[in-house]
Structure formats: C-alpha cells, structure tokens
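Working notes, beginning with the structure itself.
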Amino acid sequence: MNILICGVGGQGTILASKILAESAVIDGSDVARTGETIGMSQRGGSVVSHVRTEKTSSPYIPKGQADLIIAFEKCEAARCLPFLKPSGKAVVSMSEIKPVAVSLGVMAYDSKAMEDYIKSAAESIFLDTDTLAAPFMDGKCTNTLLLGAAFGMGFINISENAIKKAMEKLIKPRFLDVNIKAFEAGIKAVSG
C-alpha cells in the first residue's frame, strides 16, 4: 500500500502517517516506511507524508503510484493528485485553508474547480470535517477522523484493531479516548 497524507502545518498529518505505519507493522507488514516533505509546517505550509507498506528502497511514493490520498484540505488534495495511480482513491476534507498567495490576491482559490478535478481523477469522498470533528477537542482530531473514514470506505488494508493499538502507542493517554471516538465517528460518517 502506498498512502499519501497531505494538508497544512498543524493539522496532524505526520501523526496520521505514524499511526498508519505503526498499525501496518502491528498487522504483520514486513516493511512500513514513512517520509515527509514539510514547508512552514508550524502554520499554513504544505505538509505531505508518504506511507509505504511494501519493500522499497525509498520512503517517498513516486508520481502515479499512490493507492490512496488522505487530504486534510482540498487545495492540497488537488496539488497531490499527480501522485495518485489511475485506480487510486481519495478521502478529502472540505476544509479550506487558503494559501498565503490567495490571501495576497496573487492566486485564486476555486473550490468547485478543485473538487471537480479531484472527482475526475479518483474515486473520492468529501467530508465536512469542520462539522464532524467539532465535538472532538474542538476539531483537533480531524486526522483520526479522516483515518476512520478511509478505513470505513475500505481504502485501508489494515485491521481496525491494529489502528487502535497504534493509536494507544502514539497518542498521549489523556487524548487517546477522544481520538478513538473521532476515528469511530469517521467510520460512521461513511457507513450510512
């Protein structure tokens, strides 16, 4: 499995990638590699995490080889589509965090065009994570909610038990219960 997780700094993309890699190992994968490309990761910069659960010499997914994109923001999903294979899938947050160039008026942010582009390139699901994640630490569990949605759609070939065990290992105990609830809410959001 080659999974690309993309978003902007501060959204929890790196934790999500660590959870997936650790859960793959718990589930018996011989290899789980991760790599990140980070730009201004503290606030607003693009963050892309690569998770690979196959024998490979590189932690980075080549263009056209990702099985799945989990996107925490629409513009980042559109930006990362060249990594997706023709049969790839995408789980995309409807959240909009506009790049600085848009705020400065140098670029436009056409939400509808981005959605159409993503839909044309991948079997995709779009989630209103601002609403769905709001009950969980004021929306700070979007990462585990999106993992739950991807799992619930059958896009992640890792067991639920392994994902929860990885969360137990990687998330601080005081935040674990709310993150598990967010993961389960993500599953529920796509199963109805």
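Only the coordinates and a few stated rules stand behind these numbers; no lab work does. In this text, all values refer to a predicted model and were calculated from it rather than measured experimentally. Cβ: placed from backbone, ideal geometry, glycine included. Neighbour counts: every protein chain shown.
Quick notes
- Of the GluC sites (Glu not before Pro) in the stretch 91-171, those whose Cβ has at most 14 other Cβ within 10 Å and which sit in DSSP loop: Glu96
- Residue pairs, from the table Lys119/Lys172; Lys18/Lys89; Lys63/Lys181; Lys63/Lys112; Lys55/Lys188, whose Cα atoms sit over 31 Å apart: Lys119/Lys172; Lys63/Lys181; Lys55/Lys188
- Taking θ as phi - 60° and the Karplus parameters 6.51, -1.76 and 1.60, the scalar couplings of the stretch 141-146 work out to 10, 4, 4, 6, 5, 5 Hz in sequence order, x denoting glycine and proline.
- For Ala66, the residues whose modelled amide H falls within less than 5 Å of its own, excluding neighbours fewer than 5 places apart on the same chain, are Leu84, Lys85.
- Loop-located trypsin sites (Lys or Arg not before Pro) in the stretch 61-158 (DSSP state not H, G, I, E or B) with no more than 14 neighbouring Cβ atoms inside 10 Å: Lys63.
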